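Student: One structure, as structure tokens, below. Some questions next.
The values are calculated or read from the model by the stated rules, or taken from the named source; none is laboratory data. Note that the structure is a prediction, hence the values are computed from the model and not measured. Positions of Cβ are generated from backbone atoms using ideal geometry, with glycine treated the same way; all protein chains shown enter the neighbour counts.
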Amino acid sequence: MSEWYSKIGFDGDPFSKDSGFAGHDELINEVFYTVYSGNILFIEGESGSGKTKILHEVIKRFGGRKKIIYMNCRHFRGLNVEDVLKKRYGFFSRLLGRKPENMILLLDEVEELSHKNCERLKYYFDQGYIASVIFTAKKFPSEGMSTSLVQRISKVLRISPLSDYEAVSIIRDKIGDRFLSDRVIKSIYSLSGRNTGKLIQNCKTVMVEMAEKKKQEISEEEIPRILSVVEGQ
């Protein structure tokens with residue numbers, strides 16, 4: 001059975017293509033500068049806004065130069081920052097009792113942080129074992145984040161929603177000028193809560209429907225019905 005995208009002339013899934021950082025180039029530069037300067041940064045944004053993608057860019061930029069630890073805290077209960085650092089630093093260093101040096105710590109989806117972890121982070125950062133820390137979460141500060149740790153955060157960056165023009169550009173880069181009009185893309189973006197991740201997912205949902213029904217275009221009025229059917233499943 002052929003894939004949906006082959007039915008409308010694509011060799012592969014156009015929505016698997018990297019979306020880049022439309023509208024957020026300045027923010028990316030701020031993040032890189034934070035790492036270079038050895039500071040602590042907090043990135044605030046909703047799910048699907050691109051926080052994790054930014055951290056992956058940090059890994060690509062600095063992975064060959066410094067030791068980097070990335071952790072999605074949503075998937076870890078009872079996180080112990082000290083244990084994470086020691087395990088990442090290697091067996092022989094632990095055997096000799098050495099502490100990590102100049103680590104870059106990327107803590108994704110930090111919705112809650114215990115008092116002990118706040119103290120551990122402060123200690124390792126102040127002693128120079130951690131060169132830079134980047135937190136991401138939906139809201140600043142994360143629950144439980146101590147005042148003294150907050151005071152060490154040099155900057156809070158908020159990932160703002162893309163403009164309609166930027167949202168259209170992202171989808172155009174994936175599918176070209178066919179199938180979805182600018183008005184339709186803007187409508188999908190609005191119905192997606194102006195969330196970039198949901199925009200891409202919902203545009204794909206609409207395109208799959210078009211492929212199955214062999215349609216080359218779709219009206220703005222049809223979009224709510226298609227998306228409501230998916231949400232109701």
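Student: If you scan segment 194-223, which residues turn out to be without any contact (Cβ under 8 Å) to a residue 60 or more places away in the chain and within 17 Å of SER160 (Cβ to Cβ)?
Tutor: Of everything in segment 194-223, those that are without any contact (Cβ under 8 Å) to a residue 60 or more places away in the chain and within 17 Å of SER160 (Cβ to Cβ) turn out to be ARG194, LEU199.
Student: When only residues in segment 67-90 that are within 30 Å of TYR189 (Cβ to Cβ) and of a type outside the set (A, V, I, L, M, F, W, C) count, which is modelled with the highest pLDDT?
Tutor: Filtering segment 67-90 down to residues within 30 Å of TYR189 (Cβ to Cβ) leaves 70, 72-75.
Still in the running and of a type outside the set (A, V, I, L, M, F, W, C): 70, 72, 74-75.
On the way: TYR70: 87, ASN72: 83, ARG74: 75, HIS75: 65.
Looking at the filtered set, the residue picked out is TYR70.
Student: Given (1) more than 16 Å from the chain's Cα centre (by Cα); (2) modelled with pLDDT of 90 or more, identify the lone condition not met by GLY64.
Tutor: GLY64 satisfies all of (1) more than 16 Å from the chain's Cα centre (by Cα); (2) modelled with pLDDT of 90 or more except (2).
Student: Mind checking which residues of segment 107-133 are under 16 Å from ARG74 (Cα atoms), crowded, with 17+ Cβ neighbours inside 10 Å and out of contact with any Ser or Thr (no Cβ under 7 Å at 6 or more places or on another chain)? Talk me through it step by step, then tell me what you get.
Tutor: Keep residues of segment 107-133 that are under 16 Å from ARG74 (Cα atoms), which gives 107-114, 117.
Keeping just the survivors that are crowded, with 17+ Cβ neighbours inside 10 Å gives 107-110, 113, 117.
Within segment 107-133, LEU107, ASN117 meet the criteria.
Student: If you scan segment 15-51, which residues turn out to be surrounded by 19 or more Cβ atoms within 10 Å (Cβ to Cβ) and within 23 Å of LYS204 (Cβ to Cβ)?
Tutor: GLY23, HIS24, GLY45, SER49, GLY50, LYS51
Student: Pairs please, first residue from segment 170-184 and within 22 Å of GLY50 (Cβ to Cβ), second anywhere and in a loop (DSSP other than H, G, I, E, B), Cβ atoms under 6 Å, 6+ apart in sequence or on different chains.
Tutor: So the pair list comes out as ILE170/SER19; ILE170/ALA22; LYS174/LYS17.
Student: Moving on to the next point. Scan segment 171-191 residue by residue and report those that are within 15 Å of MET207 (Cα to Cα) and not charged (D, E, K, R).
Tutor: Across segment 171-191, the qualifying residues are ILE171, ILE175, GLY176, PHE179, LEU180, SER181, VAL184, ILE185, SER187, ILE188, TYR189.
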